[in-house]
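Colleague: Here it is, the structure in full.
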Amino acid sequence: MLFLASRNPDFGIWCADRVGIAGNGLAIELGAAACNQPLFDSSKKYESGTGWPSFWEPLPGGIATKTDFKLIYPRTEYHCSHCGGHQGHVFTDGPQPTGKRYCNNGVALLFVVRGEKLPALRT
């Protein structure tokens, strides 16, 4: 399944359930729900213990980052590089080989079973 970027609140519960399935071996890809850009592959998902879908590596070119001061101290926010939709934050407490944890908002993801046709990229 491919995780694609999404801003559709109607997908929230379903997305969270599918993220759990992904960690149990279902081959999925994830992308931005707002524009359908591929962001993550389920093979890079892991159980971080945070309650948020977490990945140790995004797909090449899928995300962009910026510094976020919303909690007073600086954090690295990441968003879809195509539509700019907020996805989550990246931390340095993830597993190897990257040591990064891309902590994602499950509502912002669209799930596509690997092998199924990807939806068209929205502009």
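The values are calculated or read from the model by the stated rules, or taken from the named source; none is laboratory data. Because the structure is predicted, anything quoted here is derived from the model rather than measured. When we count neighbours, we look across all protein chains shown, and the Cβ atoms used for this are built from the backbone with ideal geometry, even at glycine.
Colleague: Output the number of residues of segment 60-107 satisfying the condition of being within 21 Å of GLU47 (Cα to Cα), in contact with a Gly (Cβ under 7 Å, 6 or more places away or on another chain) and part of a loop (DSSP other than H, G, I, E, B).
Modeller: 3
Colleague: Taking segment 71-123, which residues are hydrophobic (A, V, I, L, M, F, W, C), within 17 Å of the chain's Cα centre (by Cα) and at pLDDT below 85?
Modeller: Within segment 71-123, VAL107, ALA108, LEU109, LEU110, PHE111, VAL112, VAL113, LEU118 meet the criteria.
Colleague: Applying the selection to segment 42-56, what residues are surrounded by fewer than 16 Cβ atoms within 10 Å (Cβ to Cβ) and assigned to a helix (DSSP H, G or I)?
Modeller: Across segment 42-56, the qualifying residue is only SER43.
Colleague: State the number of residues belonging to segment 22-52 that are at pLDDT 80 or above and within 25 Å of LEU121 (Cα to Cα).
Modeller: Qualifying residue count, segment 22-52: 12.
Colleague: Another question about this same structure. Taking the stated definitions as given, is SER81 free of Cβ contacts under 8 Å to residues at least 24 places away in the same chain, among the polar types (S, T, N, Q) and within 22 Å of PHE111 (Cβ to Cβ)?
Modeller: Criteria not met by SER81.
Colleague: Still on this model: Have a look at LEU118, LEU110 and point out the one that is aliphatic (A, V, I, L, M), in contact (Cβ under 8 Å) with a residue 60 or more places away in the chain and in a strand (DSSP E or B).
Modeller: After ruling out the rest, the residue left standing is LEU110.
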